[in-house]
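The values are calculated or read from the model by the stated rules, or taken from the named source; none is laboratory data. Since the model is a prediction, treat every value here as computed from it, not as a measurement. For neighbour counting, all protein chains shown are included, and Cβ atoms are generated from backbone atoms with ideal geometry for every residue, glycine included.
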Amino acid sequence: MSTASRERKPNFFYNIAKNYPVVVIFIVLVILFSILYHERFLSPANLTATLRQFVTLILFSIGPTFVMLLGSMDQSFIGIWMLGSALLWILTPILGPISLLVFPLFGIASGLLIGLIHVKLRVPSFILTLSVLIVYWGLTVIIVQGNPRIVPGYEFLTADFIPFIPTPFLYSIVIILLAVFIVKRTKLGTYFYAIGSNEEGARLAGIDVGKYKIVAFTLSGFFSGIGSIVLFQHLGGTVPVSFSMNNVVRPLIAIILGGTPLSGGRGGPQRTILGALTFSVIYRGLYLSALDAEVIDLIVGLILIVSIVISSRGGELRGVEIA
Amino acid sequence: MANEPILDVRNVYKSFGKVYALEDTSLRVYPHEIVGVVGENGAGKTTLMKTLVGVHSPDKGEWYHNGIRVPFPKDPKDAARKGISIVYQERGVVPSLQVYQFLFLGNEEKYIGKFGLQIPKMKNAAKEILDEFHIKCNIEDFMFDLPLSTQKMIEIAKAVLNIRLEQNKENADSVIILDEPTAPLNIEERNELLDEIVRLKKHSSFVFVTHIMQEVIEYMDRVIVLRDGRQVAEYDMATNKVTEKELVRMIVGKDVEEQYQSSRPKNYIEQSGNALSAINLSKNGSYYDVSFNLYKAECLGFWGSAGSGKSELIKTIAGIKGYDDGCLMIQGKKTKNRELPHTRLRKGIGYFSGETVNELFYDWPITKNISILNIEKIVTRFIHLLKFKAEKAMAAGIVEQLRIRTPNTVTAISSLSGGNKQKVTVGKWLERKPDILLLEDPTIGIDVGARDDIYKTILDMKSQGISMILVSDDPKEYSTLCDRIVLMQQGKAERTILKEQLNEVIQA
Amino acid sequence: MINNNNTKGSMNKMFSERIFTSTRIPLLVVVVVICIFQMVNPTFLSYQGIVTLVYAMSYFLIVACGLTFVVMMGSFDFSGISIMKLSALICVLYIENFGLWVIPIALLVCAAIGFINGILVAKLSVPSFMATLGISIVVDGIALLTSKGFLHLMNDEGFRSISTTFIAGIPSVFYWSIAIWLLCTGLAVLTPFGRRTYAIGANSRAAALSGINIDRQRILVFTLSGTLAGAAGVFYMSQLGGGSVEIGGQMMIPLFASVVAGGTSLRGGSGGPQNTLLGVIIITWIQSGLRMLGTGLDTQMVVLGIIAIAMSIATTDRNKLMRSIVK
């Protein structure tokens, strides 16, 4: 029955709408905004700006997606970007451009540490990564003594070579492909889905659950690290010193919108692309409207709540059985 | 079946603490046969299976392979190398994986190429195995979309595949242990699965743990009965056809006997009025069209094998599970579906099971565990502050009445023995005195002395006018506690008997 | 007082470990902290030093009590700081319209936000940390929107005097917060409400089978947490008389650190407001000690973040968790 129905066209669209509701949201929003701000929304300038927004979101959100597949949470990615930049500021005069490697190396170390503490000492990941994030932020500010230091010499990272397409976008395609490869074409991906879907079942299938959880956190740190190489220049080439929870929350919204629920087991980086794209469109649409920045923040918060309520639905969750 | 056994385990001993879970048990499995393993809960079935797949290591025992003594497996992977794999009763399925991903879960090594996993190759191998096992599903379907019986079949295929990949042989001898595979299935699914397993005999042998006697009679080639950790009987179904009654007698051990004089005359019970009644209560996949009346101060038992729907039924009455159709009335008043336990408790229905993990707060002292259910009795009148002296006195009363062995009333539950833990559970309900008390396996896993104390307390409560419903695996429990017994089979209430007739039903 | 930590009879090993982690470590830390800062800075324990400390501690204790109830229940409330800010803002913006009636209005608004948190967690089954994180973003947005980001000054003397009247040499906000702390401790230890909260944290399935209405209790506790955060905001505004509230999730860290440093485990079912007092003392003293040493907010965050991680490790009883799943 299923093979036959997939060949017919109306069911194809129905399947898309059912399995990827975010696509529908995306199309509706694009049409809506194109009508509301015609000319402006589809202008090259705005499209480029949307792409830039997309790059920021996807590079931040691709790492934590691995951890959220397990049903855990990683908020340290902003911290890796911040403290990594500060380390880059220290190292560049000494080592030159090779010091860019500090991002992925620091990311791996940080992810490994978080994974070990989470798995071996059994601290809930949400609060653990939040604390780690705050520590990284504090260290960053201490290192640069509170000033947003400029680190020159890395402009080549974002120099345009195709008009209207931001170069970071090209980098992010490579990074996305790498992440999708890991999830789709290695056993790690299958294990992450399995652990997020049914940890006990994965254990019964002979999988060392603790080990692969640590691997997921390490991968998250690694991807946040290589993402930060691009983001560092993409977001101004200075060491960031101001901290806002909004920066943490937006990539998380992109992940949840994409279809990776907080309980894990479904979704993945390929879905996060859709989420990031949709959220960029929402954000640009809001930006083009005459709304205050505060109202936009407010709406972003509401989007977060609505998307997690929707993604927490499904499954038999009522009654005592939740316990 | 004349040739060499592919699994030959002899004289296995395994103890947990001072208690022997397995004593001198042997198991032999020949190629292409299904061996049934039956026994009460706690008879040692699970321990034996876990020993075979290397989850437990035995205290003593011998394992022969082609007549040569070899060590027991260290872990499930090692067991697979020896040709043994297990399909667990539940929690083995990973819902959000696709069929082919699930089949190879944990065994991907053979399919890693230069560019990551060789997905086309995996899919082809998966398709082959699905064809071989006659499983009707698409390899790209998600596990959660498939019916339960198909999921079970895929799990069996996965177990066979696991052995083949581990031994790197296409047609390795394999023994698949099935731990109550039919428990969550309805009748049609059950028969379908069993037919498939019989067909699969040409690929593999099976050890089949079950509670359902019919399955044993109709489908098994041999059956082994375990009781109290020992093998008490073995029947070869081809030469020595055993009856269901005989099997049950071997499982239970002795004839069900009268221990306490507690039953009341039938007319007396019916005069006392209705406490609870159900009309055509149904829950899809569990029980269908169940109707009964529970009179005041009587104990009604639901007797049936696991999978007969008795456990779901009692959980429905407790408010832990919902129902799909029918009607449930408490003291003549209709209840709403989906009422949670706290609402049911307010209406007078209490539920307790022998699983103390779900009943008690292990870190808490006895006092708090008893008072949590009786908090109204120990609060001051106006602003509802707790009266700690009253709380202590309440707990002390229960400790004395039930002879709970503990240094004092503020000892944490976790340091008590199993029997005493269960006495605390009974104690909190004794203090609460609900109108109706639901008992599910009330004395599971505790020793005889504590069991007698608990029976006495429960009978006391009954004589004080509390109605009860009992669901258990132990026929002695029914004859001790119940007045009437509803016989359940495959989700249907067959008939209601007096407890004196239970012996005949089991033996007849 | 019947309390796990105070029972004499139990010689159980696990039990004594529990006492060790939940009471002795915090006390030890207090003493060590005082000694260090006293040595480094002799004015630390001076009268002025103590008044500063009392100011810093009082409103903080109130919002920490609210969070403690939620953590006791095995959930988490991220929105405390945001709700506190909103409440402070309502007070300063509408005091001219309503006079002192602005206080109950602010508390009501905050209770309503807590109620929404509770609905999200209990009825819509959203994990508590994400639900409250989302709410905190929305509340922050509302606060920014109403204040337009400007600094507002509180000129109402009556309102200021709630916190700044000195009684026996100590500002009145201290007595208020101690009174609220006592009420919270009473609520946790002496009432069925507290017992039910602990029960849900300790074993939610057993709690449901013991006839506790889990959904209702969760909503009540989140509402209580919101209300207490609101009260903290009122005192905050009345003691400082204005000023921009430091905005951002990082303020959550000292709050969270003081709850776990007191000995309330993130797993729920243990600790309580009685423990949180010690935690708040430790954290505010460390904070103000660091400030006296001339370090900035950044260093404080590093120290407090590490303390938060260390204390959540210390209060986790790993023996018991070997088989449970930690996400």
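The table below lists the values:
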| item | result |
| --- | --- |
| From B:L117, B:L48, B:L97, B:L103, residue being of a type outside the set (D, E) and more than 19 Å from A:A202 (Cβ to Cβ) | B:L48 |
| Options A:F181, A:F161: the member that is within 14 Å of chain B (Cβ to nearest Cβ) and surrounded by fewer than 21 Cβ atoms within 10 Å (Cβ to Cβ) | A:F181 |
| Single match in C:L266, C:L304 (criterion: part of a helix (DSSP H, G or I), within 9 Å of another protein chain (Cβ to nearest Cβ), in contact (Cβ under 8 Å) with a residue 40 or more places away in the chain and of a type outside the set (S, T, N, Q)) | C:L304 |
| Criterion: within 23 Å of the chain's Cα centre (by Cα) and outside any helix (DSSP H, G or I) - qualifying residue of B:V486, B:V505 | B:V486 |
| Matching residues in segment C:144-157 - criterion: being among the hydrophobic types (A, V, I, L, M, F, W, C) and either touching a strand residue (DSSP E or B) at 6+ places or on another chain (Cβ under 8 Å) or more than 10 Å from A:D297 (Cβ to Cβ) (or both) | C:F150, C:L151, C:L153, C:M154 |
| Residue satisfying condition, being more than 14 Å from chain A (Cβ to nearest Cβ), surrounded by 15 or more Cβ atoms within 10 Å (Cβ to Cβ) and within 23 Å of A:L130 (Cα to Cα), within set C:G141, C:G118, C:G114 | C:G114 |
| Some residue of segment A:227-246 being at pLDDT 90 or above, in a helix (DSSP H, G or I) and within 14 Å of another protein chain (Cβ to nearest Cβ) | no |
| Complete set of residues in segment B:47-99 that are touching a residue at least 12 places away in the same chain (Cβ under 8 Å), away from chain A (no Cβ under 14 Å) and assigned to a strand (DSSP E or B) | B:K60, B:G61, B:E62, B:W63, B:Y64, B:H65, B:V70 |
| Segment C:194-220: number of residues that are part of a loop (DSSP other than H, G, I, E, B), within 18 Å of C:L266 (Cα to Cα) and among the small types (G, A, S) | 0 |
| Residue tally, condition assigned to a helix (DSSP H, G or I) and either out of contact with any helix residue (DSSP H, G or I) (no Cβ under 9 Å at 6 or more places or on another chain) or not small (G, A, S) (or both), over segment A:36-76 | 24 |
| Considering residues of segment B:78-116 that are closer than 19 Å to A:G189 by Cα and basic (K, R) only, the residue surrounded by the most Cβ atoms within 10 Å (Cβ to Cβ) | B:K110 |
| Count of residues meeting criterion [surrounded by fewer than 18 Cβ atoms within 10 Å (Cβ to Cβ) and away from chain C (no Cβ under 13 Å)] in segment B:399-453 | 13 |
| Counted residues, segment B:363-390 - those being at the interface with another protein chain (Cβ under 7 Å from one of its Cβ atoms), in contact (Cβ under 8 Å) with a residue 24 or more places away in the chain and part of a helix (DSSP H, G or I) | 1 |
| All positions within segment B:117-135 that are surrounded by fewer than 17 Cβ atoms within 10 Å (Cβ to Cβ) and within 11 Å of chain A (Cβ to nearest Cβ) | B:I119 |
| Residues (at pLDDT below 85 and out of contact with any helix residue (DSSP H, G or I) (no Cβ under 7 Å at 6 or more places or on another chain)) located in segment B:202-213 | B:K202, B:H211, B:I212 |
| Residues of segment A:56-97 satisfying the condition of being closer than 15 Å to A:Q233 by Cα and over 15 Å from the mean Cα position of the chain (by Cα) | A:M82, A:L83, A:G84, A:S85, A:A86, A:L87, A:L88, A:W89, A:T92, A:P97 |
| Hits in segment C:289-301 - residues which are surrounded by fewer than 21 Cβ atoms within 10 Å (Cβ to Cβ) and in contact (Cβ under 8 Å) with a residue 24 or more places away in the chain | C:M292, C:L293, C:L297 |
| Cβ-Cβ under 6 Å pairs, at least 6 apart or on other chains, segment C:111-138 side assigned to a loop (DSSP other than H, G, I, E, B), far side surrounded by 24 or more Cβ atoms within 10 Å (Cβ to Cβ) | C:V126/A:I308; C:V126/C:L120 |
| Segment C:144-193: number of residues that are among the aromatic types (F, W, Y), within 14 Å of another protein chain (Cβ to nearest Cβ) and outside any helix (DSSP H, G or I) | 1 |
| Considering residues of segment C:269-290 that are within 14 Å of chain A (Cβ to nearest Cβ) and within 24 Å of C:T52 (Cα to Cα) only, the residue modelled with the highest pLDDT | C:I283 |
| Near pairs, Cβ below 9 angstrom, 6+ apart or cross-chain, from segment B:394-412 (free of Cβ contacts under 8 Å to residues at least 12 places away in the same chain) to any residue that is hydroxyl-bearing (S, T, Y) and not in a helix (DSSP H, G or I) | B:P407/C:S10; B:N408/C:T7; B:N408/C:S10 |
| Number of positions in segment B:100-110 that are part of a helix (DSSP H, G or I) and at the interface with chain A (Cβ under 9 Å from one of its Cβ atoms) | 4 |
| Segment B:128-151, residues that are farther than 26 Å from B:R190 by Cβ and either in contact (Cβ under 8 Å) with a residue 24 or more places away in the chain or of a type in the set (A, V, I, L, M) (or both) | B:E140 |
